[in-house]
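Chemist: Structure provided below as structure tokens; questions to follow.
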Amino acid sequence: MFAVGLYDLVQPRHSVLRNYPVLGHLRYLMEALRPELQQYFIERDYDGRPYDRSRRSIIYERAKGVHAEQAFGTERDIDEVGYEYLAQSVAPVPLPDTPPRVLVGGPDCTQPYSMALLNVSAMSFGALSANAIRALNKGAALGGFAHDTGEGGLTPYHLENGGDLVWEIGSGYFGARTADGHFDPQQFADKAAHPHVKCLSLKLSQGAKPGLGGVLPAPKVSAEIARYRGVPAGVKCVSPAYHSVFTTPRELIRFIARMRELADGKPTGFKLCVGTRTDILAICKAMLDEGTAPDFIIVDGAEGGTAAAPLEYEDHVGVPLTDGLMTVHNALVGTGLRDRIKLGASGKVAGATDVVKRLIQGADYTTPRAP
């Protein structure tokens, strides 16, 4: 048993065995039993169709170093309801010499940022460990894309490896808040000045819990998390469902402009899960009335998201990404604002076809998140 455990720790092929020596072999035992279990359960998939062993996650295959190409074409049923596809051109264009990027920054922005088409979505310190934050940011630095901090504050772990950052501010104003929980402009300006912070994002809502604030239970609020969020340790940490510094669309647009001014002209925008078209049109009208606009809007889909919300909200509240993205895109086009505002799509983006799909639907770039 000791020899097996030692071998598991040093072997380079299986991360499961390195992390869970000896016990990790149970996973592969279950895989070996899987065909027999499938036969026992009449080989039926979750949706009632006959189970097809050849259908695998493309992401799983690529992560294991297996080529995604298959000799006999698609394994999907073309007659399946809801089947989606991309329509290719008869005149493909040459591949660019460098990956395409999008310049984020409207006429009121003095420090525009060149955004990659695929970036790291918002996941906070506190929800993720310090090492996870370090790893995500290191990946962003190596890949040349941006890393959204999530609303849990800007920590030293986000800054260690030099990756570009989108600093997200939620309704709790963590990392830029006064003792009574209001927005602290001086803290915000000081941290926004860091050279790794490239964009500032104000979170109105997110797909996992639109219309509902987040909660970090008291036992999880360690001294370290409390320090970076600016909250008491050991006390339940609540993100309100609403912002305290604005209540109307016009006040929202003014606050975005104030954030950009405090950040010395860096791109500033907001993220939301779309609720109604009326909300979006009211925000667009506020932009026209105020004579200014955010540099970007991130549309978050209602599908998926974190588990930090009641199931009813996850499953039944908010507009899915496709509808939300097209709603915002069409509203900006109709009001003549689309040219000055870049759109990000935050949702289930697992492969290249998902990126293309979101670009077709109106996005300029994507920030995928876990389901």
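The values are calculated or read from the model by the stated rules, or taken from the named source; none is laboratory data. Here the structure is a predicted model, which is why all the values come from computation and not from measurement. Ideal geometry is used to build each Cβ from the backbone, glycine not excepted, and the neighbour counts take in all protein chains shown. Ligands, DNA and RNA are stripped out before the accessible areas are found, and what is left, the full protein with its side chains, is counted by its heavy atoms. Shrake-Rupley method; radii C 1.70, N 1.55, O 1.52, S 1.80 Å.
Chemist: Since Arg101 meets every condition but one in (1) open to solvent by 100 Å² or more (accessible area, probe 1.4 Å); (2) more than 28 Å from Ala140 (Cβ to Cβ), which condition does it not meet?
Modeler: Arg101 satisfies every listed condition except (2).
Let's see how each residue does on (1) of a type in the set (A, V, I, L, M, F, W, C); (2) within 19 Å of Pro294 (Cβ to Cβ):
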{"residue": "Val231", "(1), (2)": "yes, no"}
{"residue": "Lys236", "(1), (2)": "no, no"}
{"residue": "Pro240", "(1), (2)": "no, no"}
{"residue": "His243", "(1), (2)": "no, yes"}
{"residue": "Thr247", "(1), (2)": "no, yes"}
{"residue": "Glu251", "(1), (2)": "no, yes"}
{"residue": "Phe255", "(1), (2)": "yes, yes"}
{"residue": "Arg260", "(1), (2)": "no, yes"}
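Chemist: Can you tell me how many residues within the range 127-162 are within 16 Å of the chain's Cα centre (by Cα) and not hydrophobic (A, V, I, L, M, F, W, C)?
Modeler: Number satisfying all stated conditions: 10.
Chemist: Across the range 330-358, what is the number of residues that are under 19 Å from Gly207 (Cα atoms) and touching a residue at least 24 places away in the same chain (Cβ under 8 Å)?
Modeler: Of the residues in that region, 11 qualify.
Chemist: Within the range 164-175, is even one residue surrounded by 15 or more Cβ atoms within 10 Å (Cβ to Cβ) and assigned to a helix (DSSP H, G or I)?
Modeler: no
Chemist: Among the listed residues Thr248, Thr268, identify the single one that is buried (at least 18 other Cβ atoms within 10 Å of the Cβ), at pLDDT 95 or above and hydroxyl-bearing (Ser, Thr, Tyr).
Modeler: Within the list Thr248, Thr268, the selection yields Thr268.
Chemist: Quick one: is Ala282 part of a loop (DSSP other than H, G, I, E, B) and in contact (Cβ under 8 Å) with a residue 12 or more places away in the chain?
Modeler: no
Chemist: Answer yes or no: is there a residue in the range 296-313 that is part of a helix (DSSP H, G or I), charged (D, E, K, R), in the same structural domain as Cys284 (by the TED database) and free of Cβ contacts under 8 Å to residues at least 24 places away in the same chain.
Modeler: Looking for residues that are part of a helix (DSSP H, G or I), charged (D, E, K, R), in the same structural domain as Cys284 (by the TED database) and free of Cβ contacts under 8 Å to residues at least 24 places away in the same chain, one finds at least one in the range 296-313, hence yes.
Chemist: Identify, please: which residue in the range 153-162 is out of contact with any Leu (no Cβ under 8 Å at 6 or more places or on another chain) and in a loop (DSSP other than H, G, I, E, B) and is, among those, surrounded by the most Cβ atoms within 10 Å (Cβ to Cβ)?
Modeler: Once the filter is applied, the top-ranked residue is Gly153.
Chemist: Continuing with the same structure: What pairs come out if I take residues in the range 77-98 that are in the same structural domain as Ala352 (by the TED database) and pair them with residues that are modelled with pLDDT under 90 whose C-beta lies under 7 Å away, six or more apart or interchain?
Modeler: Going by the 7 Å Cβ cut-off, there are no qualifying pairs.
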